[in-house]
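Enquirer: My questions will all concern the structure given below.
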Amino acid sequence: MSMTLADGLAPAAPTAGKRPVLPGLADPRTLKGAAARKARKERVFGNIPQIAFEQPIYLLRALGGSALIVSDPAGVKRVLIDNVANYPKTEMEQRIFRALFGNGLLGTDGELWRRHRRIMAPAFDPRSVAGYGPAISRACDGFYGHWDQLPPGGEVDIGAEMSRLTLRIIAGTMFSADSDDVIGLVAESMKDGIGIGPFSILDVLPVIGRMRMDRRVQQMAERFRPLDAAINRMIDARQKDPQGSAADLLGRLVGAHDEGGDAALTSREIRDQVITIFIAGHETTAQAMTWTWYLLSQHPAEEARLHEELDRVLGGRTPTQEDLPNLAFTRRVVEESMRIYPTAPGISARVAVADDEICGVKVRKGQAIAIAPWLLHHHKTLWDDPARFDPDRFLPERSAGRPRLAYMPFGAGPRVCIGQVLAMNEATLILAGLAQRYRLSLSPGQDIVPLANVTLRPKYGMRMMVERRV
Ligand code: HEM
């Protein structure tokens, strides 16, 4: 057996003839009849023509405006990194996030955003994240009880189960809180995703987009009212007992002071950051896990390799932070799952504030720019056989020539996901702990269709059957 790969595992033999067609990934142009209709129905951004997966830059025109879709890594770099000051998030995007999260990181720009991000960043650096390992392991241990009681082959709504777990992890790691009232209210507010209806590329177009956003803003404010009250109680308790503050994100937000010794953040600003982290920090990871279980259920050879690694490295123990360097294949499964089904399929639209040029294309002031991990991750010029689930494409030797920004599940540049290190560690530990103990298979008779509703979710949900492995 060849042992040349980074983690000592031999590559899987291709599952000849058995390769599943993954929902949302088939190219309708290559199909006929019912298969073509199905592929068309499943398309994630139905308004974007298939040709955009082959061209570096594509101008999408529609009634009321246009959006320049940038899928060339050099162009993405221009927008998100090199000339980032020229491409703020659009006012519409800011409004929708402000309606949900007030002045939380997702909805602000400029000096206010910079000041808050600086205060929060240390809670997300690799050292702090390593310190959250025990809280993640505890939450996973607490989770097993429920699945252990299922009858063999018992069925679960996997998205809801993963949300329950990741919500508890966020509450435990960021706020040292596992108070059921806050967790219950976050879960209730997020029941159907962020609940603002399917996100479409129409949302980035100036006129239509504004009308669509206006309708949503009012609905969201109503929906979050009860959760607001519970979060305010949590902040009050910390402010009254600053000595007891844990070294977690809430402790940092409450304890931050400016040079004059005054609190750096108002209670309202702290509330906005707490709600941002609660929501941005659990639903995305839960959906990433959901798609990971789905992909494993469709790829038995890769699932077997995962089980082999887990049995060898963990031997039945709960995985901890220290195991991560030895769980290389487990991590690659997560990486590849987030390539195939990126849970943030499109990042916030940007707008050019001055004329510019992106990869030789003139960009006029006011032009809306769309960057979509969904397009980049399936782009024909960037990936070999993009519709194939192949965790080994993330082996160092196979990643070598690939532009860094061909893969960006967490965005890029100064607005990159603040929680990316946490999310990767968390997802790897969840997968290791659960896949060691259970095997999940897709319940029969379901139509699995990816839907972009801010995050990428299975449109009709996903039911899976759970078997104990050990
Ligand atoms: C698999 C899990 C996750 C994915 C796929 C994801 C994806 C993203 C993406 C793509 C962005 C950038 C959006 C843009 O540029 O428009 C972002 C931003 C953000 N994410 Fe995540 N995220 C994940 C987990 C988390 C976690 C665990 C947290 C916190 C605990 C978090 C908090 C945030 C925040 C606060 C921002 C805004 C950052 C800023 O604008 O400064 N995310 N995320």
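The values are calculated or read from the model by the stated rules, or taken from the named source; none is laboratory data. Fair warning: this is a prediction, and the values are worked out from it, not measured in the lab. When we count neighbours, we look across all protein chains shown, and the Cβ atoms used for this are built from the backbone with ideal geometry, even at glycine.
Enquirer: Condition check: modelled with pLDDT of 90 or more and within 23 Å of PRO458 (Cα to Cα). Does ILE136 satisfy that?
Expert: Taking the combined requirement at face value, the residue does not satisfy it.
Enquirer: Here is a follow-up. Name the residue that is nearest to ASN47 (Cα to Cα), counting only residues in segment 57-87 that are among the β-branched types (Val, Ile, Thr) and buried (at least 18 other Cβ atoms within 10 Å of the Cβ).
Expert: Going through the qualifying residues, I end up with ILE69.
Enquirer: Would a scan of segment 329-349 turn up a residue that is of a type in the set (Phe, Trp, Tyr) and more than 16 Å from the ligand (Cβ to nearest atom)?
Expert: Taking every residue of segment 329-349 in turn, at least one turns out to be of a type in the set (Phe, Trp, Tyr) and more than 16 Å from the ligand (Cβ to nearest atom).
Enquirer: Please report, ordered by residue number, the helices (runs of 4 or more DSSP H) entirely within segment 107-193 with at least 1 residues that are in contact (Cβ under 8 Å) with a residue 12 or more places away in the chain and of a type in the set (Lys, Arg).
Expert: It comes to 110-120, 133-148, 158-175.
Enquirer: Taking segment 262-286 as the search range and keeping residues that are assigned to a loop (DSSP other than H, G, I, E, B) and within 14 Å of the ligand (Cβ to nearest atom), which one is nearest to ILE347 (Cα to Cα)?
Expert: The qualifying residue nearest to ILE347 (Cα to Cα) is GLY281.
Enquirer: Looking at (1) under 28 Å from GLN94 (Cα atoms); (2) more than 16 Å from the ligand (Cβ to nearest atom); (3) touching a residue at least 12 places away in the same chain (Cβ under 8 Å), find the lone condition where LEU382 falls short.
Expert: (1)
Enquirer: For ARG225, work out the one condition from (1) modelled with pLDDT under 90; (2) away from the ligand (no atom under 16 Å from the Cβ); (3) buried (at least 17 other Cβ atoms within 10 Å of the Cβ); (4) within 30 Å of LYS459 (Cβ to Cβ) it doesn't fulfil.
Expert: Answer for ARG225: the failing condition is (3).
Enquirer: All but one of (1) surrounded by fewer than 22 Cβ atoms within 10 Å (Cβ to Cβ); (2) away from the ligand (no atom under 12 Å from the Cβ) hold for GLN94, so report the exception by its number.
Expert: Exception for GLN94: condition (2).
Enquirer: Select from segment 237-255 the residues that are away from the ligand (no atom under 16 Å from the Cβ) and at pLDDT 80 or above and list them in ascending order.
Expert: ALA237, ARG238, GLN239, LYS240, VAL254, GLY255
Enquirer: Being over 28 Å from LEU249 (Cα atoms) and modelled with pLDDT of 90 or more, is that true of even one residue in segment 91-107?
Expert: no
Enquirer: Yes or no: TYR144 within 14 Å of the ligand (Cβ to nearest atom) and surrounded by 13 or more Cβ atoms within 10 Å (Cβ to Cβ)?
Expert: For TYR144, the condition - within 14 Å of the ligand (Cβ to nearest atom) and surrounded by 13 or more Cβ atoms within 10 Å (Cβ to Cβ) - is not met.
Enquirer: Look through GLU269, GLU259 and report the one residue that is at pLDDT 90 or above and surrounded by fewer than 23 Cβ atoms within 10 Å (Cβ to Cβ).
Expert: Result: GLU269 is the single residue among GLU269, GLU259 that is at pLDDT 90 or above and surrounded by fewer than 23 Cβ atoms within 10 Å (Cβ to Cβ).
Enquirer: Under 7 Å between Cβ atoms, at least 6 apart or on separate chains: pull out the pairs that start in segment 36-48 with a residue that is more than 14 Å from ALA452 (Cβ to Cβ) and without any contact (Cβ under 8 Å) to a residue 60 or more places away in the chain and end on any residue that is part of a helix (DSSP H, G or I) and of a type outside the set (S, T, N, Q).
Expert: The qualifying pairs are ALA36/PRO28; ALA39/PRO28; ARG40/PRO28.
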